[in-house]
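The values are calculated or read from the model by the stated rules, or taken from the named source; none is laboratory data. Remember, predicted model here, so these are calculated numbers, not experimental data. Every residue, glycine among them, receives a Cβ derived from its backbone with ideal geometry; neighbour counts consider all protein chains shown.
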Amino acid sequence: MLTTRAMISTRKLYFCLGMLAALLVIGSFILQYGFKLQPCSLCIIDRVLVMALALLFLIAAIHNPKKVGKLIYGLLGFLIAIAGIAVTGRHLWLMHLPPDKVPECGPGLNYLIETMPLKEALMTVFAGSGECAKDIPYFFGLSLPLWTMIAFILLAVASWVPCFWNSRK
């Protein structure tokens, strides 16, 4: 008798991970355009990182790698997710600063990228601004950045799952 684990191919697993990340991106666009929640600079960086994970996992699904390829995709996915955890951690830290310690609101991400070298623009974004610390909506008792952190943690762990997956031939 086959177990569920043996019945799902590695390709399908990567596809499911890619679709999960794509659904997270779609959800962020629904929140932005459907519910009129404007993302801050850190939220946009998180969105780009989730898009990168979706693309990585979908490429892995097409490629259907063997052992070494799985390790490479796992490492890349893990590193992208860790970057997302760092960005979201910074966002959560800014949100929990006392009101008198919150940095002033700065220019938007588009303006920074257009007027500064990329390194300086990113350093300015990570320094934080008041827009990242403003009142954030809560969903099931958790802030949206905290939900994003949970998603990145799950995707970081999930990026290694195919490395240990016994798929059918």
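Quick test for you: out of Gly69, Gly27, Gly84, pick the one residue that is touching an Asp or Glu at 6+ places or on another chain (Cβ under 8 Å), part of a helix (DSSP H, G or I) and modelled with pLDDT of 85 or more.
Details: Gly69 fails: touching an Asp or Glu at 6+ places or on another chain (Cβ under 8 Å); Gly27 fails: touching an Asp or Glu at 6+ places or on another chain (Cβ under 8 Å).
Answer to the check: Gly84.
Within segment 1-13, identify whether any single residue is at pLDDT 80 or above, within 20 Å of the chain's Cα centre (by Cα) and not aliphatic (A, V, I, L, M), and answer yes or no. Within segment 1-13, none of the residues are at pLDDT 80 or above, within 20 Å of the chain's Cα centre (by Cα) and not aliphatic (A, V, I, L, M).
Can you find even one residue in segment 126-149 that is among the charged types (D, E, K, R), modelled with pLDDT of 70 or more, exposed (fewer than 15 other Cβ atoms within 10 Å of the Cβ) and farther than 17 Å from Asp46 by Cα?
Quick first cut of segment 126-149, residues among the charged types (D, E, K, R) only: 131, 134-135.
Among the residues that remain, those that are also modelled with pLDDT of 70 or more are: none.
Scanning segment 126-149, I find no residue that is among the charged types (D, E, K, R), modelled with pLDDT of 70 or more, exposed (fewer than 15 other Cβ atoms within 10 Å of the Cβ) and farther than 17 Å from Asp46 by Cα, so the answer is no.
Take segment 145-162 and flag every residue that is under 12 Å from the mean Cα position of the chain (by Cα) and not hydroxyl-bearing (Ser, Thr, Tyr). Those that are under 12 Å from the mean Cα position of the chain (by Cα) and not hydroxyl-bearing (Ser, Thr, Tyr): Pro145, Leu146, Trp147, Met149, Ile150, Ala151, Phe152, Ile153, Leu154, Leu155, Ala156. Only one of the numbered conditions (1) surrounded by 20 or more Cβ atoms within 10 Å (Cβ to Cβ); (2) within 12 Å of the chain's Cα centre (by Cα) is violated by His91, and that is (2).
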